[in-house]
Each structure stands twice: as structure tokens, then as C-alpha cells.
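Worksheet: the structure to be examined is printed underneath.
The values are calculated or read from the model by the stated rules, or taken from the named source; none is laboratory data. Keep in mind it's a predicted model, so treat the numbers as computed, not measured. Glycine also receives a Cβ, built like all others from the backbone with ideal geometry; neighbour counts cover every protein chain displayed.
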């Protein structure tokens, strides 16, 4: 788990989705979202951001919804880097569940056994 982002960072992060999406669109183009995440998480370091972006390019290749955008910050803020406090039954968007699977299946993260 990274340090908790400031309220100002959270405001900027949430604003970035609205600012970066194309006018009239509800979702953010994948390449735009990836660029924004790399920029934003350079400021508030989340060490899984490169894996997240790679996962999206390999497995998702679609636009990013506002829900996924906002929940990713919550995920980065609350789930530790070993995913030991990740609950598969939790209310994460499907894409984040798939990301956790990707991390464990590819040996990027070794989740502790319960």
C-alpha cells in the first residue's frame, strides 16, 4: 500500500478523467487513460501502475469507464502491494479483479495463502 494520497491529489485525479475524455464521451480512450495514469502516479507513486498499464494493453484494449477510473485510485490506496488484504468477494470492478488474477498468474505478486 502506498502512502495515502492527499485530498488535493484525489481532486486532481478525479478532475483528470473529465478533462482528458473526448467531448460527449462517457469513457476515456485507453491510450489517454494510460498516459494520464503514468503522469498522475508519477506524482503519487503506486508501484503497480506499469503492470496495470501493461495488463490493459494486453487484455482489455477498450475505453476506461469512470467507475474503473475512480475505483483504481481506491484500490491503489487501500490494497497492499502483496494483495494480502484484497477480497475477491469485494465490490471491485471486474477489470480490477482481472488485474489481480493477471498479477498472480504471471508471478508478479505472490499472494499469501489464507
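For the range 93-108, name all the residues that are in contact (Cβ under 8 Å) with a residue 40 or more places away in the chain and either in contact with a helix residue (DSSP H, G or I) (Cβ under 6 Å, 6 or more places away or on another chain) or in a loop (DSSP other than H, G, I, E, B) (or both). Scanning the range 93-108 gives 99, 102, 108.
For every residue, the table says whether it meets (1) at pLDDT below 95; (2) touching a helix residue (DSSP H, G or I) at 6+ places or on another chain (Cβ under 6 Å).
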residue: 31; (1), (2): no, no
residue: 34; (1), (2): no, yes
residue: 43; (1), (2): yes, no
residue: 53; (1), (2): no, yes
residue: 65; (1), (2): no, no
residue: 69; (1), (2): no, yes
residue: 84; (1), (2): yes, no
residue: 91; (1), (2): yes, no
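If you check 76, 42 for being assigned to a helix (DSSP H, G or I) and either within 13 Å of the chain's Cα centre (by Cα) or touching a residue at least 60 places away in the same chain (Cβ under 8 Å) (or both), only one passes: 76.
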